[in-house]
Amino acid sequence: MPLTKMRVEWEARYVSEYVLLKFPDDIVQFRCPLGRVPESMIKELGLAKAVGAYRPYRPEVDALVITDTHVVLVEGKIFKVMDGLSKLPIYRSLVKETPELDLYKNFPTRAILVTPKRPTVYGGVAREQSIEIDLFMPDWLEEYYQQQERYWTAEARLKRLERKEVLKGLGYK
């Protein structure tokens, strides 16, 4: 089946494979919620139930890794690199406020943005924010990545505009 027809959570698979490759022996939680849980909920429900009940309202990092020496935040972005760069400093600031991470609040925190291609514009931002950029391109991603890259070429955009004009002429909006 062509890649475009499959329902795949590309970034979830991408981050999972990266973490399993880079941190095979460490503690990992995928889609890990970060930040505070309201004290009123903790008093009313207890910590465990409050954490579960408040989960939908907390931001989630793609993967949180606990090594012997660090808390590692991993955000994977196949295309929207800016989204990952903007989230990671916020996620880092939330680690110390996260009740589930109390045991690790004194560990240094690393922030890693995983992406298949070196971002040309954002390297300085990553350095300023102490965000590591790690390039990772598994074989299965190459075809999808190239297909998406072609979508945004001038030629492909022009073809879409021409097709849109033809459809407008046929009465479609």
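Alpha carbon centre of the range 40-85 versus the range 128-159: separation in Å? So the separation of the two Cα centres works out to 26 Å. Summing charges over neighbours of L94, with a neighbour being any other residue whose Cβ is under 15 Å away from its Cβ, gives +3 when K and R count +1 and D and E count -1.
Taking every DSSP bridge with both residues inside the chain, close to 50 percent are antiparallel.
I want the antiparallel fraction of DSSP beta bridges within the range 38-120, as a percent rounded to 5.
Values: 4 of 10 bridges.
The antiparallel proportion sits near 40 percent.
When the chain is treated as a GNM with alpha-carbon contacts under 10 Å, the residue of K105, K159, K87 showing the greatest mean-square fluctuation is K159. Adding -39500 (n - 2.57) for every DSSP H run of four residues or longer, then dividing by how many residues the chain holds, sets the calculated 222 nm ellipticity at -13500 deg cm²/dmol. Can you pull a Stokes-Einstein diffusion coefficient for the chain at 20 °C (1.002 mPa s), Rh from Kirkwood over Cα pairs, as a whole number of µm²/s? The Stokes-Einstein estimate is 115 µm²/s. Think of the range 3-137 as a dipole: +1 on every Lys or Arg Cβ, -1 on every Asp or Glu Cβ, centred on the Cα centre; then among M137, I27, T120, T120 lies furthest on the positive end. Taking 17 Å as the straight-line reach from the Cα of K87, the aspartates and glutamates in range (excluding those fewer than 8 positions away in the same chain) are E11, E60, D62, E75, E97, E128, E132, D134. Counting only Cβ charges, +1 for Lys and Arg and -1 for Asp and Glu, the dipole size of the chain around its Cα centre is about 900 debye. What number comes out for the charge environment of V74, summing +1 per Lys or Arg and -1 per Asp or Glu over other residues with Cβ under 10 Å away? Local charge sum for V74: -2. Working from label points 7 Å from Cα in the Cα-to-Cβ sense, the E44 to K117 distance is 4.8 nm.
For the options V125, V19, V95, a Gaussian network treatment of the chain with springs between C-alpha atoms closer than 10 Å singles out V125 as fluctuating the most.
Kindly put K173, K77 in sequence by how many other C-beta atoms sit within 10 Å of each C-beta, fewest to most. Working shown, then result.
Values: K173 5, K77 20.
The fewest-first ordering by Cβ neighbours comes to K173, K77.
Computed from backbone phi, the HN-Hα couplings of the range 47-57 come to 4, 4, 5, 5, 4, x, 5, 8, 3, x, 9 Hz, rounded to whole numbers (Karplus: 6.51 cos²θ - 1.76 cosθ + 1.60, θ = phi - 60°; Gly and Pro given as x). Amide H contacts of V61 (H built 1.01 Å from N, in plane; Pro and chain starts excluded): C32, L34 sit under 5 Å, all sequence-distant by 5 or more or on other chains. Neighbour counts of C-beta atoms inside 10 Å place T67, T120, T98, T153 in the sequence T120, T153, T67, T98, starting with the fewest.
Specify which residue in the list V95, Y18, L161 is farthest towards the positive end of the charge dipole of the chain, using unit charges on the beta carbon of Lys, Arg (+1) and Asp, Glu (-1), about the Cα centre. In the chain, that residue is L161. Descending by average beta-carbon neighbour count within 10 Å, the peptides 133-141, 28-36 line up as 28-36, 133-141, the highest first.
Taking a ≥ b ≥ c as the square roots of the eigenvalues of the Cα gyration tensor of the range 128-173, is the shape rounded (a/c under 1.5), prolate (a/b larger than b/c) or oblate? Here the range 128-173 falls in the prolate category. Look at the Cα gyration tensor of the range 71-159: its axes a ≥ b ≥ c give a/c of at least 1.5 with a/b over b/c, and that counts as prolate. Spin-label model, R157/R58: points 7 Å from Cα along the beta carbon direction are separated by 4.1 nm. Using the Karplus equation 6.51 cos²θ - 1.76 cosθ + 1.60 (θ = phi - 60°), what ³J(HN,Hα) coupling, rounded to whole Hz, does each residue of the range 15-20 give in order, writing x for Gly and Pro? Once θ is set to phi - 60°, the couplings for the range 15-20 become 5, 4, 5, 4, 5, 5 Hz.
Values quoted throughout were computed directly from the atomic coordinates according to the rules given, and no laboratory measurement underlies them. Computed from a predicted model, the values in this text were never measured in an experiment. FYI the Cβ positions are ideal-geometry reconstructions off the backbone, even for glycines, and counts take in every protein chain you see.
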